[in-house]
1. Where residues in segment 147-167 are part of a helix (DSSP H, G or I) and open to solvent by less than 20 Å² (accessible area, probe 1.4 Å), which of them is farthest from L198 (Cα to Cα)?
2. Please go through segment 176-187 and pick out each residue that is open to solvent by less than 10 Å² (accessible area, probe 1.4 Å), under 17 Å from V116 (Cβ atoms) and among the β-branched types (V, I, T).
3. Need the failing condition index for D112 against (1) charged (D, E, K, R); (2) surrounded by fewer than 18 Cβ atoms within 10 Å (Cβ to Cβ); (3) over 21 Å from F268 (Cα atoms), just the number.
4. Can you find even one residue in segment 126-133 that is over 16 Å from D112 (Cβ atoms), part of a strand (DSSP E or B) and more than 11 Å from the chain's Cα centre (by Cα)?
5. Only one of these is at positive phi and within 19 Å of the chain's Cα centre (by Cα): G228, G204, G233. Name it.
6. Being buried (at least 18 other Cβ atoms within 10 Å of the Cβ), of a type outside the set (K, R), out of contact with any Pro (no Cβ under 7 Å at 6 or more places or on another chain) and at pLDDT 95 or above is the requirement here; does A49 meet it?
7. Could you list, ordered by first residue, the pairs with Cβ atoms under 7 Å in which the first is in segment 195-207 and open to solvent by 10 Å² or more (accessible area, probe 1.4 Å) and the second is assigned to a strand (DSSP E or B) and hydroxyl-bearing (S, T, Y), at least 6 apart or interchain?
Amino acid sequence: MAQGSARRGLRPPRVQRPQDGPRRAPAREIELGGDQIEGRRAVFEALRANRRTVREVWFDAGLERTGLVSEIAHLALQRGVPLIEVTNARFDRTVRSDSSQGVLAFAEPLRDLTLVDLVKSCRRQPALILLDHVTDPRNLGAILRSAECAGFEGIVIAERRSTKVTPTVTKTSAGAVEYLRFAMVGGVPAAIEELKALGVWIVGLDPAGSQEIFDVELLTEPLALVLGSEGKGLSRLVRERCDVVATIPQSGSIASLNVSAAASVACFAVQRARTARHLLPSR
């Protein structure tokens, strides 16, 4: 039996709906972000998902309106979103990612949920990513893309010492931000304790883990996969609060995988286990 099962039993309790109405996140000085969307696929998915208001779509002057660009223009017109062609100079002054592909959009920021609401929003068994201070926006974007493709539904990000959803993140995630839900937390150890109280098991990922991720029995349970920061990995307090600390087996010579690559392997290990049990949400 996996470590920690004696603490709460094999089947964590169902989350109870609060009796006094839905909980709202308090006003924050730190915003989650996501309001500037860059890259063709990211803008297209924001329009296609239609989960938040897109206020404007900008095209760089002279951009050829074929392929995905044509589809973006068509969707924007369908949604009543203004299409604006701007000069190269203005476009270049505004973009903040390395390769915006001549397209950007302005939208309402991503919504920040409480942990209670994040867990309740999952369509089947909760599958969450909890980030222990990941600071590189390209890593975050790649993690979000892998997580969404593997059927994860929620992301937990620390308010401090973590990258938020910047234009580089929206570009790298290729639109995954539109299909995931987010919670920002003041501290990762406290968030772990709250998730445990909500019936979610905590599996940390670390090269020094006690068992291989593919052998962890908890992958089909309500789950939060914890990923450590670049370079430092899981912090001591976070590691101590995990039900299981798992590792990815390696055969090469270098020390470890990049956090986004490790996340991809772990996410699809969860997907494989859940597919075998028919636990993935329908598309």
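The values are calculated or read from the model by the stated rules, or taken from the named source; none is laboratory data. Remember, it's a predicted structure, so these values are computed and weren't measured experimentally. Quick reminder, even Gly has a Cβ in these numbers, built from the backbone with ideal geometry, and neighbours come from all protein chains shown. Ligands, DNA and RNA are excluded from the accessible area calculation, which covers all protein heavy atoms including side chains. Shrake-Rupley method; radii C 1.70, N 1.55, O 1.52, S 1.80 Å.
1. Here the residue is P167.
2. Of everything in segment 176-187, nothing turns out to be open to solvent by less than 10 Å² (accessible area, probe 1.4 Å), under 17 Å from V116 (Cβ atoms) and among the β-branched types (V, I, T).
3. The number of the failed condition is (2).
4. Of all residues in segment 126-133, those over 16 Å from D112 (Cβ atoms) come to 126-127, 132-133.
Still in the running and part of a strand (DSSP E or B): 127, 132.
So of that shortlist, the ones also more than 11 Å from the chain's Cα centre (by Cα) come out as 132.
Within segment 126-133, one or more residues are over 16 Å from D112 (Cβ atoms), part of a strand (DSSP E or B) and more than 11 Å from the chain's Cα centre (by Cα).
5. The unique qualifying residue is G233.
6. no
7. D206/T247; P207/T247
Per-residue answers, yes or no, for (1) open to solvent by less than 20 Å² (accessible area, probe 1.4 Å); (2) more than 18 Å from C149 (Cβ to Cβ); (3) not basic (K, R):
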{"position": "E217", "(1), (2), (3)": "no, yes, yes"}
{"position": "L223", "(1), (2), (3)": "yes, no, yes"}
{"position": "L237", "(1), (2), (3)": "no, yes, yes"}
{"position": "P249", "(1), (2), (3)": "no, yes, yes"}
{"position": "T275", "(1), (2), (3)": "no, no, yes"}
{"position": "H278", "(1), (2), (3)": "no, yes, yes"}
